[in-house]
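The values are calculated or read from the model by the stated rules, or taken from the named source; none is laboratory data. Note that this is a predicted model, so its numbers are computed, not measured. All Cβ positions, even for glycine, are placed from backbone atoms using ideal geometry, and neighbour counts span all protein chains on display. Only protein heavy atoms, including side chains, enter the accessible area calculation; ligands, DNA and RNA are left aside. Shrake-Rupley method; radii C 1.70, N 1.55, O 1.52, S 1.80 Å.
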Amino acid sequence: MYRYYHFYKPAGCVSARTDAEHTTVMDYFPEQDRTTLFPLGRLDKNTEGLLLVTDDGKLNRRLLDPENHVEKQYLFWCLGTLGEGELAQLREGVYLKGLEDPTKPAKVEVLRRAVAAQIPEPIFPYRKPMVEEDLNAPAVEGYLWLTEGKRHQVKRMLEAVGCTVVYLKRVAFGGVALDESLRPGEYRALTAEELQWLL
């Protein structure tokens, strides 16, 4: 019988089974489970949010196959203006450094426009000096939906249109939304409804 968990990944840990230098997402699970369970996909070290954990290898391959177009939703805060022209570029697909083909079209929604001083904690630790350098710099909170999973893709896409991500959280993976009643570092078994969507 396979096991499936809904994990609220905290910032500061890596999406791996083991790591010699960093805390991993599996360090939050009982020691006896760390050799059989694994994270389904990855979130960057400083990104928090929904991460599915399982021992079902077939499901892992199916959900991460780009041809299956499983949508992932992210909440972000970025420095920059992210005007209509930049939003249009993201919706059409942008070229990332080192890649020949553009990204697939993404959905993007601006939730609010603000200034750097209004960005709530947490902020990526390595981005704090940039935020504090100009507290009146334009900032944007929004959602971005992707169906592919290139390395650091959300950050790189927003950088391609002149913005710098300072906070990132995955709030949905396909039909499964992040359980906000969990605290970062907590997990629970998937509900029957969530499991039905995955399977």
Accessible area in the full protein assembly, largest first, 1.4 Å probe, for Met130, Met26:
Met130, Met26
Cβ-based net charge around Glu67, under 12 Å, with every Lys or Arg adding one and every Asp or Glu removing one:
+1
Which value at 222 nm does the chain reach when only helices count, each DSSP H run of 4 or more adding -39,500 (n - 2.57), with the total divided by all residues and rounded to the nearest 500 deg cm²/dmol?
-5000 deg cm²/dmol
Burial ranking of peptide ranges 151-163, 96-108, 32-44 (average Cβ count within 10 Å, highest at the top)
151-163, 32-44, 96-108
In whole percent, how big is the carbon plus sulfur part of the accessible area of the range 1-55, probe 1.4 Å, protein atoms only?
46
So, over other residues within a Cβ distance under 15 Å of Pro102, counting Lys, Arg +1 and Asp, Glu -1, the net charge is -1
Can you tally the net charge around Gly57? Count Lys and Arg as +1, Asp and Glu as -1, for every other residue whose Cβ sits under 15 Å from the Cβ of Gly57.
+2
Reachable lysines from Lys97, Cα under 20 Å, same-chain residues fewer than 8 places away excluded?
Lys150, Lys155
Which aspartates and glutamates have a Cα less than 15 Å from the Cα of Lys9, not counting those fewer than 8 places away in the same chain?
Asp27, Asp44, Glu48, Asp179, Glu180, Glu186
Please report, in debye to the nearest 20, how large the charge dipole of the range 112-161 is about its Cα centre when each Lys and Arg carries +1 at its beta carbon and each Asp and Glu carries -1 there.
240
Only loop residues by DSSP count here, and only those with at most 14 other Cβ atoms within 10 Å; note down the chymotrypsin sites (Phe, Trp or Tyr not before Pro) in the range 1-86 that meet that.
Tyr2
With a 4.7 Å Cβ cut-off, tell me which Cys residues in the chain come up empty for a partner.
Cys13
